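What follows is one structure encoded as structure tokens, with my remarks underneath.
The values are calculated or read from the model by the stated rules, or taken from the named source; none is laboratory data. All figures in this text were calculated on a predicted structure; none of them were measured in a lab. Cβ sites come from the backbone with ideal geometry, for glycine too, and all protein chains shown count toward neighbours.
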Amino acid sequence: MEAQFLRIRGRERIYPVSRLSPDTAEVIVETELGELPFPITSVEFISLEDLKTTVARYPGDSAVPEIDMHGMRVEEALDALDRAIENAIAAGSSKLRVIHGKGTGAIREAVWESLRHDERIGRFALDHTVYDGTGSTLVDIV
């Protein structure tokens, strides 16, 4: 089975594989900072089945507020994201789950670009605690 995810050695976070570059012996990884290259020797590849069996849910995960962006256009999704962040802050939550779906990736990319520049946001990454981890992002609110 082809590996769909990887863990960079020495780190806990799991990332989806964007693409391999055999010419340079690198793997391109979509991180919260954008696409970054890593030497293939510095990563551990993980299949979807392995990921499903090893990922534990966050403590108190059911209390994490979430927004589902399925069926939204990018502009609608970004407006909804802003409202969801405000609502999470007002509710005293330190996390927000953004369900952007897989699709073409346009909404996820727009959401991540917005989160990168939002001073209310600490870190964020694909949420590997639900489903297969590529259709939602878990956001830490500061």
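What the table shows:
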{"item": "Number of the condition not met by E75 [criteria: (1) at pLDDT 85 or above; (2) buried (at least 17 other Cβ atoms within 10 Å of the Cβ)]", "result": "(2)"}
{"item": "Qualifying residue in the stretch 100-107 (condition: among the hydroxyl-bearing types (S, T, Y), under 15 Å from G135 (Cβ atoms) and outside any helix (DSSP H, G or I))", "result": "yes"}
{"item": "Filter result for the condition that a residue is without any contact (Cβ under 8 Å) to a residue 24 or more places away in the chain and part of a loop (DSSP other than H, G, I, E, B), over E76, E119", "result": "E119"}
{"item": "Condition met for S93 (within 14 Å of the chain's Cα centre (by Cα), more than 19 Å from V29 (Cβ to Cβ) and not in a strand (DSSP E or B))", "result": "no"}
{"item": "Number of the exception - T54 against (1) at pLDDT 80 or above; (2) surrounded by fewer than 12 Cβ atoms within 10 Å (Cβ to Cβ)", "result": "(1)"}
{"item": "Members of the stretch 98-135 found to be surrounded by 20 or more Cβ atoms within 10 Å (Cβ to Cβ) and modelled with pLDDT of 90 or more, listed by number", "result": "V98, H100, I107, R108, V111, W112, L115, F124"}
